[in-house]
Amino acid sequence: MIFNSEISGQQQHTTSPVVTGGSVIALVYNGGVIVGTDTLCSYGSMAAFKNVQKIAQISKNTIYASSGEYSDFQQVVKELAKIDRSALQYDDGVHPSPKDYGNFLARLSYKKRCKINPLYLQNVIAGFHNGERYLGLIDIYGTYLESNFITTGFASYFCKAIISNYWNENCTLDQAKQVIRECFKVLFCRDCRAHDVIQLAYVDAQGAHIEESERVETKWDFNGFKSRANEKLHTQ
Amino acid sequence: MLKHLYDTDCVTWSPQGKLFQVEYAMEAVKQGSICLGLKSNENVVLCSLKRQPSELAGYQEKQFKIDDHMAIAIAGLTADARVLCKYMRTECLEYKYTYESHHPVGRLVFKVAEKSQHKTQSGAKRPYGVGLLVAGIDPNGVHLFETCPSGNYYEYKCQAIGSRSQAARTYFESWFHLFEKSTLEQLILHGLSAIKKAIMEDEELNEKNVEVGILGKNLKFTHLNAQELRDYITKLEQFSPNSQIQQE
């Protein structure tokens, strides 16, 4: 049910997302963690905003990305940045570790889920702290999982096989990047709401690095497409 | 301390710029029995002398665990200490619930100090009559803080508060340069030596009237039990800080 809030003043609950971001893929590699997203925000099935950054740096050694409602992503970035700034307030140089952010986000998501007004997101927190790599997945219900690799959205269906076959937790940064690029290639071909421009970001001992967006290479000049052999009318 | 003009409430300054009610509250801390703390690179040790109200009574505990990584020793009004202890425990629990990690020590002391200061700026409230020694370990290192009723807090390498604490502080001033590299056992013996300076002539240290709490980077806060206390008090006879210098 949707109430007209001007008349009844009732709080509305997020029942379906409006502007959405696509899959997030995150992997650990030998020197840190890497996260990849595409740069598209869809308005339903319309590819509305094609150059959106969906990875945010929230502290020196932690980055955050999510798929789902983009306005919720923006709100979460603000909430997490507030925590990082608390170090300034207390003047004690203590910064939360990536795991602290992950747990905080899990508590926040769970609280909102209990009020039937969720943050419509699958969240990924990635970081490198005290020599340890961290990847956390927090879903719309507040479920909290740590893992060596994380996929959200359609990537969970299409990309796990690619990751299994071509990635291991001690690969190099370049190898991990190639695996992610390969995954987004497949996603662009098979997921209607995916885009071929992606962005990668990684966190290592030196801190967080968010790279410029790049276009994945896809091939469209197949003979089959040119001859349109698939499209011949079948007569009975 | 003698009575002064301008000392009726917290909201009256004296012409010399003092808040007498706050000063009087700090007197309450000085009346409590001694407790002290000292830290090395790896450990913090809290020692306190427990008072027995009468022969029929038990000894008043002075050290309380706040969380696995933090503990306090109190001097002053035990009832006020209980309030602060409960507050600190609640804060640590909430922090752990939200972040799954330990509350940074300095931050909690800051919160306690803020709470204490609040009580010094109201016509209807009185300051807390208790001083805390907060021992804690967090990613920033090993900490020992003192809070006082005024709302100030200080970080220390070693500190003693309460009755006759000056004697213990004098001991610390002579030997604190050894503490950083001391082992846990040496630290405990230093703490007990310092407490020994502060007891009356006719009193003796025994496992009933002394309380020792230890905390380490890989050691959750624990109290020494009666047998361990007896052993350490026995070792105290042979212990001298000079022997530690010869070892190094």
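Descriptive notes on the structure:
- Label-point separation in nm, residue B:121 to residue A:53, each point 7 Å along Cα→Cβ: 3.9 nm
- Between residue A:15 and residue A:86, the distance separating the two model label sites (each 7 Å from Cα on the Cα→Cβ line) works out to 3.5 nm.
- Each of A:202, A:51, A:10 was scored by the projection of its Cα onto the charge dipole of chain A, and the greatest displacement toward the positive side belongs to A:10; charges sit on the C-beta of Lys, Arg, Asp and Glu.
- Couplings for segment A:41-54, taken from phi via the Karplus curve 6.51 cos²θ - 1.76 cosθ + 1.60 with θ = phi - 60°, read 10, 8, 10, x, 9, 8, 7, 7, 10, 9, 9, 9, 8, 10 Hz in order; Gly and Pro are left as x.
- Fewest-first sequence of A:179, B:142, A:18 by Cβ atoms within 10 Å of each Cβ: A:18, B:142, A:179
- Rounded to the nearest 0.05, the FRET efficiency derived from the C-beta distance between residue B:68 and residue B:231 at R0 = 25 Å is 0.50.
- Neighbour-limited loop hits for trypsin sites (Lys or Arg not before Pro), segment A:168-222 (at most 15 other Cβ within 10 Å; DSSP other than H, G, I, E, B): A:219
- In sequence order, segment A:115-132 has phi-based couplings of 8, 6, 9, x, 7, 7, 9, 10, 9, 10, 10, 10, x, 9, 9, 6, x, 10 Hz under the Karplus curve 6.51 cos²θ - 1.76 cosθ + 1.60, θ = phi - 60°, and Gly or Pro positions carry x.
- Net charge dipole size for the protein assembly as shown [Lys, Arg +1 and Asp, Glu -1 on Cβ; Debye, nearest 20]: 1100 debye
- Phi-based couplings in Hz for segment A:156-171 (Karplus 6.51, -1.76, 1.60; Gly and Pro marked x): 4, 8, 8, 9, 5, 5, 5, 4, 4, 7, 10, 10, 9, 6, 10, 6
- The alpha carbon gyration tensor of segment A:1-127 gives principal lengths a ≥ b ≥ c with a/c of 1.5 or higher and a/b no greater than b/c, which makes the shape oblate.
- Listing B:150, B:165, B:101 from fewest to most neighbouring C-beta atoms within 10 Å gives B:101, B:150, B:165.
- Spatially close lysines, pair count over segment A:17-159: Cα under 24 Å, gap of eight or more or interchain: 19
- Per-residue Cβ neighbour rank within 10 angstrom, fewest leading, A:167, A:220: A:220, A:167
- Straight-line cross-link reach from residue B:18 at under 22 Å between alpha-carbon atoms covers these lysines, not counting any fewer than eight positions away in the same chain: B:3, B:30, B:115, B:119, B:125.
- Cα-based shape type of chain A, given that a ≥ b ≥ c are square roots of the gyration tensor eigenvalues and the cut on a/c is 1.5: oblate
- Taking the charge dipole of segment A:91-148 about its Cα centre, with +1 at Lys and Arg Cβ atoms and -1 at Asp and Glu Cβ atoms, the residue from A:104, A:119, A:144 reaching farthest to the positive side is A:119.
- Separation between Cα centres of segment B:1-52 and segment B:202-248, rounded to whole Å: 26 Å
Bear in mind these aren't lab numbers, they're just calculated from the coordinates by the rules spelled out. Remember, predicted model here, so these are calculated numbers, not experimental data. All Cβ positions, even for glycine, are placed from backbone atoms using ideal geometry, and neighbour counts span all protein chains on display.
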